[in-house]
Amino acid sequence: MSNETIDCVVIGGGPAGLTAALYLTRFHLAVTVIDGGDSRAALIPRSRNVPGYPGGIAGPTLLRRMARHATRYGAQIIQATATGLERDGDGFRVATSSGTLTARSVLLATGVHNRRPDIADDDHADALRRGLLRYCPICDGYEVSDTRVGVIGTGAHGMREALFLRGFTADVTLIAPDGPHKLSPDDRTSIDRAGIALADGPSGQLMLEGARIALDTAAGRLDFASIYPALGSVIRSDLARGLSAKMTDDGCLLVDDHQRTSVAGLYAAGDVVKGLDQISHAVGEGGVAATTIRNDLAERAPLLRAARPEPA
Ligand SMILES: Cc1cc2nc3c(=O)[nH]c(=O)nc-3n(C[C@H](O)[C@H](O)[C@H](O)COP(=O)(O)OP(=O)(O)OC[C@H]3O[C@@H](n4cnc5c(N)ncnc54)[C@H](O)[C@@H]3O)c2cc1C
């Protein structure tokens, strides 16, 4: 690993981090991406709402293209896990599983991790690939239009997800994960009015049955064309906690309109920030963060390019 101070260390090589790396390197800044290699985008069998890909694009293909685009201009991508982040003068020291880096600025683009329902790992991968299990109704609700859909969840979060999906299909069942549903009277009224079926839990392990996905509930075995877990996410913002960056109660980083966290020199973009968990949003925030980083670094010391011969 380099001993030199890097202009920006980007932690996370998903759509947000890779977009920022592309912009930063095209600003003639030295950028290193530290990536643990488990972007949520890698789980997408085929996304159909990424602008510019009318036939859809597989998540791993998109990530490969974005990485190629950033490295083409000089971004360095290191497959490693960032394990610590601390102040070092005006900048930061980033500890990783392959060594320590020092940086003038850091962008956290570490994303989130969806809580999974009870399902074997192999079945989970197979169900995702076949669209039997889905995590993002904004992304792929269109694909389940007029099919039989189950949502595992309860409370206000489960209700909101079920109501959102009701915009795509008339056949939605909200399944409580742990026992009887925990719904306020108002939530129950909204669910009844929308014609959403309720099934009490505990919900059993998900099973793949031909072209269907099934599970046992208190009401017996139910099967669906697709199931959406609405079990919440773990926000990967731990590295910012040690620096006391401001975050929401569930750990989403709070940023200003230019992706600055409450810690000088620390920026955040993508799912780890409170906002819409979407590729287009992550890409937009990555571009905004990179431009802010460039301009903030220029305030600290003007970024003036040395004279060079004009390219032929
Ligand atoms: C099944 C599924 C389908 C989806 N479909 C769509 C879709 O069709 N359209 C759409 O717009 N969105 C979709 N999404 C959402 C989309 O994947 C995310 O919004 C997007 O990937 C967020 O990008 P990001 O860069 O913020 O985070 P991520 O893509 O999750 O990338 C975060 C990266 O940070 C790395 N990281 C985390 N912590 C560390 C650490 N300590 N050290 C080093 N690296 C670290 C991880 O390894 C990961 O590579 C889908 C999500 C899922 C799960």
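In the stretch 9-31, the residues that are over 18 Å from Arg104 (Cα atoms) never reach a residue that is among the basic types (Lys, Arg) and crowded, with 24+ Cβ neighbours inside 10 Å with C-beta atoms less than 7 angstrom apart, at least six apart or across chains.
If you go through the stretch 252-297 and keep only what is buried (at least 18 other Cβ atoms within 10 Å of the Cβ) and among the polar types (S, T, N, Q), you end up with Gln259, Thr261, Gln278, Thr292. Residues considered: Ala42, Ala75. Of these, the only one that is buried (at least 21 other Cβ atoms within 10 Å of the Cβ) and either among the small types (Gly, Ala, Ser) or on the phi > 0 side of the Ramachandran plot (or both) is Ala75. Scoring Arg40 on the criteria (1) away from the ligand (no atom under 15 Å from the Cβ); (2) in contact with a helix residue (DSSP H, G or I) (Cβ under 9 Å, 6 or more places away or on another chain); (3) of a type in the set (Lys, Arg) leaves a single failure, condition (1).
For the stretch 201-211, does any single residue satisfy the condition of being out of contact with any Phe, Trp or Tyr (no Cβ under 7 Å at 6 or more places or on another chain), assigned to a helix (DSSP H, G or I) and touching a residue at least 12 places away in the same chain (Cβ under 8 Å)? Checked the stretch 201-211: no residue is out of contact with any Phe, Trp or Tyr (no Cβ under 7 Å at 6 or more places or on another chain), assigned to a helix (DSSP H, G or I) and touching a residue at least 12 places away in the same chain (Cβ under 8 Å). Looking across Tyr23, Tyr53, one residue alone is among the aromatic types (Phe, Trp, Tyr) and touching a Gly at 6+ places or on another chain (Cβ under 7 Å). It is Tyr23. Find all pairs meeting these conditions: Cβ atoms under 6 angstrom apart; at least six residues apart or on different chains; first residue within the stretch 45-65 and within 17 Å of Thr19 (Cα to Cα); second residue basic (Lys, Arg). Going by the 6 Å Cβ cut-off, there are no qualifying pairs.
Pro117 meets all of the listed conditions (1) assigned to a strand (DSSP E or B); (2) more than 11 Å from the ligand (Cβ to nearest atom); (3) closer than 30 Å to Gln205 by Cα but one, namely (1). Kindly indicate whether Val283 is touching a residue at least 12 places away in the same chain (Cβ under 8 Å) and part of a loop (DSSP other than H, G, I, E, B). When the stated conditions are applied, Val283 does not pass them.
Yes/no per residue for (1) outside any strand (DSSP E or B); (2) within 15 Å of the ligand (Cβ to nearest atom); (3) within 29 Å of Lys246 (Cα to Cα):
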{"position": "Leu107", "(1), (2), (3)": "no, yes, yes"}
{"position": "His113", "(1), (2), (3)": "no, yes, yes"}
{"position": "Asp123", "(1), (2), (3)": "yes, yes, no"}
{"position": "Tyr142", "(1), (2), (3)": "yes, yes, no"}
{"position": "Thr147", "(1), (2), (3)": "yes, no, no"}
{"position": "Arg160", "(1), (2), (3)": "yes, no, yes"}
{"position": "Phe164", "(1), (2), (3)": "yes, yes, no"}
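In the stretch 19-37, which residue that is assigned to a loop (DSSP other than H, G, I, E, B) and crowded, with 18+ Cβ neighbours inside 10 Å is nearest to the ligand (Cβ to nearest atom)? So, considering only residues that are assigned to a loop (DSSP other than H, G, I, E, B) and crowded, with 18+ Cβ neighbours inside 10 Å, the one nearest to the ligand (Cβ to nearest atom) is Gly36. Being of a type in the set (Ser, Thr, Tyr), surrounded by fewer than 21 Cβ atoms within 10 Å (Cβ to Cβ) and in contact (Cβ under 8 Å) with a residue 12 or more places away in the chain, is that true of even one residue in the stretch 126-136? The answer is yes, given that some residue of the stretch 126-136 is of a type in the set (Ser, Thr, Tyr), surrounded by fewer than 21 Cβ atoms within 10 Å (Cβ to Cβ) and in contact (Cβ under 8 Å) with a residue 12 or more places away in the chain.
Do the conditions hold for Ser97, that is, is it within 14 Å of the ligand (Cβ to nearest atom), in contact (Cβ under 8 Å) with a residue 40 or more places away in the chain and among the hydroxyl-bearing types (Ser, Thr, Tyr)? Here the answer is no, as Ser97 does not meet what is asked. Within the set Gly153, Gly195, the sole residue that is under 27 Å from the mean Cα position of the chain (by Cα) and either small (Gly, Ala, Ser) or surrounded by fewer than 16 Cβ atoms within 10 Å (Cβ to Cβ) (or both) turns out to be Gly153.
All of the numbers you see were taken from the coordinates with simple rules; none came from a lab. What you see is a predicted model, and the numbers here were worked out from it, not measured in a lab. Positions of Cβ are generated from backbone atoms using ideal geometry, with glycine treated the same way; all protein chains shown enter the neighbour counts.
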